[in-house]
Structures are given as structure tokens and as C-alpha cells.
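This report refers to the structure that appears directly beneath it.
The values are calculated or read from the model by the stated rules, or taken from the named source; none is laboratory data. Bear in mind that the values here come from a model prediction, so they are computed numbers and not experimental data. Counting neighbours? That spans all protein chains shown, and the Cβs are built from the backbone with ideal geometry, glycine included.
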Amino acid sequence: MSSVSLRGIGEAIWGLLVEDGSLAIGIVVSLAVTWLAAIVLGEGAHNVVGWLLLVMLTSLVVFNLQAAGRKARRKISS
Amino acid sequence: MDIGTLAVAALPAFVASAVEFVEATTIILAVGVTRGWRAPLYGTIAAAATLAVIIASLGVTIVTVVPEHALKAFVGALLLLFGLRWLRKAVLRFAGIVALHDEERIYLKEVAELKAQGLRQTGFDRIGAIVAYKAVLLEGTEVAFVVIAFGAGGAAALNAAVVGAIAAGIMVMALGAVLRHPLTMVPENWMKFGVGALLSAFGVFWFAEGLGADWPGDALSILPILGVFLAASRLSVRMLRLILPHGAEVAARSV
């Protein structure tokens, strides 16, 4: 039962965070850009970094879903 | 810590846990109906104990060891990875691209598989216990994650999140035990969508706070952030219905 549980937990955590690889990579890149913006722009940017992150992530989700829709259309038409 | 802050930890943990335990209950019911209730009961208790150890060790370590700003950024990043994934999947289901989670179909499939494996008349039913253990552990890992993330605000928040998760688990499993039928009436996709949007909004708020950002109105900013995610989701559903007006219902992992 222990090997079942360890493998199960590992797979669950992986699937939990990165079921869709491109979305996960996009999130990590958005977080990195926000972090860099906060460092490079300094305290003057503290009012905008959060909104910058929000804009990047919502754009990411919309484009990712659009790509998923197109992929599904290709899948059912082939 | 005030009631509002504790509710912020307990409520998402409650809803997320309810969704996950509905899925686990379907499997436990299938095992109980086909093979008897003793083995799945032991399997469920063993999985709950494993989850308690995970939450206690990871949760307490994170809350007590990691500095506050780093903790907010770390938890924010994890919430975004987790929440946006749920949001994406719920939107794909609303648009008909991915089939809705069908508890009845999963239940019947599981019953057929368990019947095919046969049942020894004597001794402990190891298969029944393992199937129940695995179902509760796998679904519960997501619950543990949400509890740790929302409990990262401190010991009181962690306790509130744990209470929310346990309450949902008891409620859902008791309902399943009374009805002896999969909980098909629970609007799983709506709940998953709501929790996904909420986790994403908290993720943005906490990650930016972890970097030292100032939000106007402090925690009240979570509401407009949530509004942006909801608007983007609505826009996405409309866009997907234009791309595939009749839906597709492909496997979630195929898109």
C-alpha cells in the first residue's frame, strides 16, 4: 500500500499543478516577469505589479483556452 | 484573527473539499455496494490518516519556518498553478469542449470492474481497501493542498481551513452513505469553477503582496481581481462556443 500511496501522491501533485504544460509554463513566466518588474522598477512600481500580473494571467488563460478549442476542433475533424 | 479572515480560510477549503469528496464518495460507494463496507471503511480511515500527516507536517513547517513575504509569494504562485488549472477545465466543460464529470457513469464503470475482479468469501478484502484508500488519498491530495495554501496565514487560519475541509468530508460522505447513490445532484462544475476563480484571485493578490506590492483597499482588491477572472472566463466560454458551436466532449488531457 505504501508504494501505491507514494506513487499516487507524486502523480496527484504533478497533475494538480501541471495538467496542461503550456498553461503551467505561461504562469511561471508571468510570475517571473512580475518579479523582475518589481526588482527593476523598484518601489515606484509597487502599485502596478499586481495589475500587471493580473493582465498577463487573464490574457494567458484566454489564449490558452482559444488554443484548446482549436485543438479540439482539429481533433474531431480529423 | 477576526471571523472574516477565518472564513476566508474555511470557505474555499470547504467548497474545494466537497467537490473532491463527491468524487471519492462515488468510488467508496461502488466498493461498498459490490464488496461490503468493512474494507472501504478501513481504506478511507487509512487515507484520512495519511492526509492528516501530510497537512500537519507540511502545513505547520510552512507556517512556522518560511518568512511572511516569501510565504505569500510561494503560496500565491502555488494557488495560481492550481486555481487556473481548475478554472480552465471548468470553462472547457461549460463550453462543451470537455465532457462534464459524470458520477453515475464513473460509478457504474467502477462497479463493473470490481465485480469482474471477484470476491473472496473469507478474509480481509484487500482490493476493496486499496481502491478506497487510493480514491480518498488522490482526491484528498488536492484538499490537502488547498488547506495548506489557505492555512498559510497562521495557525488560526490553518485550523479554520482544516475544519472547513473536515466538515465538507463528513457532510458529503454521510450524504453518500444515506443515499447509497453517487451524488449526481451536486453542481460539481460550478463549484470547481467558483473555487478555481477564487484561488486564482487570491493567488494574484498574495504573490504581488509577497513582492511588496500595495493593493488599493488592501484585501478588498480581491473582489475586482475575481471580477476580472470571471469576465475573462465568460468571454472564453463565448469564444469557445464560436469555435465549436456543437461542442466536442474530448478527453480533458487531449486539449
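Please enumerate the residues belonging to the stretch A:41-70 that are over 19 Å from residue A:27 (Cβ atoms) and outside any loop (DSSP other than H, G, I, E, B).
Taking the stretch A:41-70 first, the residues over 19 Å from residue A:27 (Cβ atoms) are A:41-48, A:69-70.
Within the stretch A:41-70, A:41, A:42, A:43, A:44, A:45, A:69, A:70 qualify.
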Check: Of the residues B:77, B:116, B:90, B:99, which is over 30 Å from residue B:236 (Cβ atoms) and among the aliphatic types (A, V, I, L, M)?
Finding: B:116
Checklist line | Odd one out for residue B:246, checked against (1) modelled with pLDDT under 90; (2) more than 24 Å from residue B:16 (Cα to Cα); (3) not in a loop (DSSP other than H, G, I, E, B) | finding: (3)
Item checked: Filter result for residue B:249 (among the charged types (D, E, K, R), within 28 Å of residue B:58 (Cβ to Cβ) and either in contact with a helix residue (DSSP H, G or I) (Cβ under 6 Å, 6 or more places away or on another chain) or within 12 Å of chain A (Cβ to nearest Cβ) (or both)) -> no
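Residues of the stretch B:164-193 being under 14 Å from the mean Cα position of the chain (by Cα), under 12 Å from residue B:21 (Cα atoms) and part of a loop (DSSP other than H, G, I, E, B), which ones?
So in the stretch B:164-193, the residues under 14 Å from the mean Cα position of the chain (by Cα) come out as B:164-169, B:172, B:186-193.
Narrowing the set further to residues that are under 12 Å from residue B:21 (Cα atoms) leaves B:165-169, B:172, B:186, B:188.
Correct list: B:186 only.
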Next item on the list: Kindly list the number of the only condition in (1) at pLDDT below 85; (2) out of contact with any Leu (no Cβ under 9 Å at 6 or more places or on another chain); (3) buried (at least 20 other Cβ atoms within 10 Å of the Cβ) that fails for residue B:151.
Entry: (2)
Check: Quick one: residue B:232 ticks every box in (1) in contact (Cβ under 8 Å) with a residue 12 or more places away in the chain; (2) buried (at least 19 other Cβ atoms within 10 Å of the Cβ); (3) within 12 Å of chain A (Cβ to nearest Cβ); (4) within 30 Å of residue A:71 (Cα to Cα) bar one, so which box is it?
Finding: (1)
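Table: residues versus (1) within 12 Å of chain A (Cβ to nearest Cβ); (2) under 30 Å from residue A:58 (Cβ atoms); (3) modelled with pLDDT under 85.
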position: B:66; (1), (2), (3): no, yes, yes
position: B:85; (1), (2), (3): yes, yes, no
position: B:91; (1), (2), (3): yes, yes, no
position: B:103; (1), (2), (3): no, no, yes
position: B:117; (1), (2), (3): no, no, yes
position: B:121; (1), (2), (3): no, no, yes
Check: Name the helices (runs of 4 or more DSSP H) wholly within the stretch B:1-117 that hold at least 2 residues that are among the small types (Gly, Ala, Ser)?
Finding: B:3-35, B:38-54, B:68-94, B:103-116
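Scan the stretch B:202-229 for residues that are among the acidic types (Asp, Glu) and either without any contact (Cβ under 8 Å) to a residue 40 or more places away in the chain or at the interface with another protein chain (Cβ under 7 Å from one of its Cβ atoms) (or both) and report the count. Before you say what the answer is, go through the steps one by one.
Step one: filter the stretch B:202-229 for residues among the acidic types (Asp, Glu), giving B:209, B:214, B:218.
Add one more test, that the residue is either without any contact (Cβ under 8 Å) to a residue 40 or more places away in the chain or at the interface with another protein chain (Cβ under 7 Å from one of its Cβ atoms) (or both), and what stays is B:214, B:218.
Summing the residues that are among the acidic types (Asp, Glu) and either without any contact (Cβ under 8 Å) to a residue 40 or more places away in the chain or at the interface with another protein chain (Cβ under 7 Å from one of its Cβ atoms) (or both) in the stretch B:202-229 gives 2.
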Margin query: Pairs needed: first member in the stretch A:50-69, surrounded by 23 or more Cβ atoms within 10 Å (Cβ to Cβ); second member anywhere, of a type in the set (S, T, N, Q); C-beta distance under 6 Å; at least 6 residues apart or different chains.
Written below: A:53/A:34; A:57/A:30; A:65/B:236
Next item on the list: For the stretch B:195-205, indicate whether the set of residues that are of a type outside the set (D, E, K, R), modelled with pLDDT of 85 or more, assigned to a helix (DSSP H, G or I) and more than 21 Å from residue A:53 (Cβ to Cβ) is non-empty.
Entry: no
Next item on the list: Restricting attention to the stretch B:34-74, report how many residues are surrounded by 15 or more Cβ atoms within 10 Å (Cβ to Cβ) and under 16 Å from the mean Cα position of the chain (by Cα).
Entry: 5
